[in-house]
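Here is the structure we will look at, set down as structure tokens.
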Amino acid sequence: MLSEDEMPQAWYNIVADMKNKPLPVLNPQTREPVTREQLSVLFAEGVVDQEFSQERYIEIPEEVQDMYRIWRCTPLVRAYGLEKALDTPAKIYFKNESTSPIGSHKLNTAIPQVYYNYKQGIKHLTTETGGGQWGSALSFACSKFGLDLKVFMVKASYHQKPYRKLMMNTWGADVIPSPSNLTDAGRAILAQDPDCLGSLGMAISEAVEIAMRNQETTRYTLGSVLNYVLMHQTIIGEEAVKQFEKAGEMPDIVIGCFGGGSNFAGIGFPFLRMNLAEGRNIRVVAVEPQSCPKLTRGVFQYDFGDTTGLTPLIPMYTLGHNFQPADIHAGGLRYHGAGAIVSQLLHDKLIEAVSVPQMETFEAGLLFANTEGIIPAPESAHAIAQAIREAKKAKEEGVSKTILFNLSGHGLIDMYAYEQYFAGNLKNFTISDEYIRSTTSELPDIIK
């Protein structure tokens, strides 16, 4: 554990240390780089400044630090029980982000985003949520600063995770299953497929549309993908670095599950800093669902962050904004693309990416629950599955490795997913090459 006084007072901006900077986000009409003024129509000015920043560290406002202290610093835990069960020479650690009030890492960016909107005088926010953790985090933060919030929740998760919806309602948010009839985007999607269960891209389209209707008092907020969101999450890894220094060692492998990049960046970027600036050789691994494999099977090209094309064009590894992910229970990972920073890092082979099938993740989650006592969120179980793979490999090779993964959230609001697993109703999903080609074939040919 770290004391309150040891909590990092700045976020780490990895762009400052990248030799190849991320390609610029583009205006889809002009295909010129998006300006601060254009982004400020959607986002708070404070986070727009951070999106363009080249500074290595961004100071965390005191008001944000005060709210972080409700639960930070979070524990770094040695998973002795898991190690014993695997009979591995590897040391396995996890950063326990499930200790936050909403049970996940998402508060790390929800609080500063709401803070910057509050300071600007914004009264209303819109957002999307997949598994419900981001919506819950933003609802909590809005209740602290007195802002109204409208959340478009992916319909599959809306029905699978009713208690996430109730958490958001408890903190005053209005939660709408997406796609809905409240927006032009939602109505168009439902006209084509009345039974559509939604996706993060669709929910983003609806949230952006509502925000654009009321530009004087309303802004949109995003829980992943963009540079400033990933930067806010680096408090996770900055704490972990300090904790490992106290323990007198460093991890050989750092692992995070991957949807849009927020918790992966949060745990991984501060250790990547050691690689980029100090010449270390720490492996940093992103773990995605086999059914939504943008990093492992997608293309590196400009694409929209949403389904209907309301957002700027982002340089990303993508399956295409029309990609419809399978109805898996890791709702927070059902996103078609990756953020610009993570995509550039992967393109430059500075990070690794793997995919795991749904059944393996639940098996890993159950083993972790039975050895460490924490029921993990289905999203976090992806990172656990990869940590188990690495620990087994260390045993096969007869070497000792130090493995760190981010427990991005607990699964106590996700028990329906475990119920479905025990009932034998879950299965693995494999996406065909033909389908991926069909969803990526119409992307603009900008990156040569």
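Side notes on the structure shown:
- 5 angstrom amide H check on Ala338, placed H, neighbours 5+ away: Tyr317
- Rounded, prolate or oblate (a/c below 1.5 giving rounded, otherwise prolate when a/b exceeds b/c) for the chain by Cα gyration tensor: rounded
- Additional length obtainable on full extension of the chain from Asn20 to Met359, 0.36 nm per residue less Cα span: 118.3 nm
- Within the straight-line cut-off of under 16 Å between alpha carbons, the lysines reachable from Lys395 are Lys84, Lys91, sequence neighbours fewer than 8 places apart in one chain being disregarded.
- Accessible area in the full protein assembly, largest first, 1.4 Å probe, for Lys395, Lys294, Lys427, Lys448: Lys448, Lys427, Lys395, Lys294
- Under-5 Å amide H pairs with Ser178, H placed in peptide plane, nonlocal only: Met153, Val154, Lys155
- Hits among aspartates and glutamates - C-alpha to C-alpha of Lys144 under 17 Å, sequence gap 8 or more where chains match: Glu62, Glu63, Asp66, Asp174
- Of all beta bridges that DSSP places with both ends in the chain, some 35 percent have antiparallel geometry.
- In order along the stretch 66-72, the phi-based Karplus estimate (6.51 cos²θ - 1.76 cosθ + 1.60, θ = phi - 60°) of 3J(HN,Hα) comes to 4, 6, 4, 5, 4, 9, 8 Hz; Gly and Pro are listed as x.
- Among Gly248, Gly305, Gly409, residue whose mean-square fluctuation peaks in a GNM of the chain (springs only between Cα atoms under 10 Å): Gly248
- Among the listed pairs Lys119/Lys349; Lys21/Lys106; Lys21/Lys393; Lys95/Lys392, those whose Cα-Cα separation exceeds 30 Å are Lys119/Lys349; Lys21/Lys393.
- Cα-based shape type of the stretch 133-190, given that a ≥ b ≥ c are square roots of the gyration tensor eigenvalues and the cut on a/c is 1.5: oblate
- Listed by chain and number, the aspartates and glutamates whose C-alpha is less than 17 Å from the C-alpha of Lys448, apart from same-chain residues fewer than 8 away, are Glu32, Asp303, Asp348.
- Cα gyration tensor shape of the stretch 103-226, rounded if a/c is under 1.5, else prolate or oblate by comparing a/b with b/c: oblate
- Annotation for Lys144 and Leu182: the two label points, set 7 Å from Cα along the Cα-Cβ direction, are 2.4 nm apart.
- Model label sites at Ala423 and Gln215, defined 7 Å from Cα along the beta-carbon direction, differ in position by 4.7 nm.
- Gain upon complete extension [Glu55, Arg36; 0.36 nm per residue less C-alpha separation]: 5.2 nm
- Computed helical MRE - 222 nm, the chain, DSSP H runs ≥ 4 contributing -39500 (n - 2.57), nearest 500: -12500 deg cm²/dmol
- Between Met250 and Thr430, the simple label model (points 7 Å from Cα in the Cβ direction) yields a spacing of 4.0 nm.
- Gaussian network model of the chain, Cα within-10 Å springs - most flexible of Tyr116, Tyr158, Tyr220: Tyr116
- 3J(HN,Hα) couplings calculated from phi for the stretch 3-8 with the Karplus curve 6.51 cos²θ - 1.76 cosθ + 1.60 (θ = phi - 60°) are, in sequence order, 7, 3, 5, 8, 4, x Hz; Gly and Pro show x.
- Chain lengthening between Glu62 and Asn169 when straightened (0.36 nm per residue, less Cα-Cα): 35.7 nm
- Overall, the stretch 22-116 carries a charge dipole of about 560 debye about its Cα centre when +1 sits on the Cβ of Lys and Arg and -1 on the Cβ of Asp and Glu, all other atoms neutral.
The values are calculated or read from the model by the stated rules, or taken from the named source; none is laboratory data. Worth saying up front: this structure is predicted, and the values here are computed from it rather than measured. FYI the Cβ positions are ideal-geometry reconstructions off the backbone, even for glycines, and counts take in every protein chain you see. Only protein heavy atoms, including side chains, enter the accessible area calculation; ligands, DNA and RNA are left aside. Shrake-Rupley method; radii C 1.70, N 1.55, O 1.52, S 1.80 Å.
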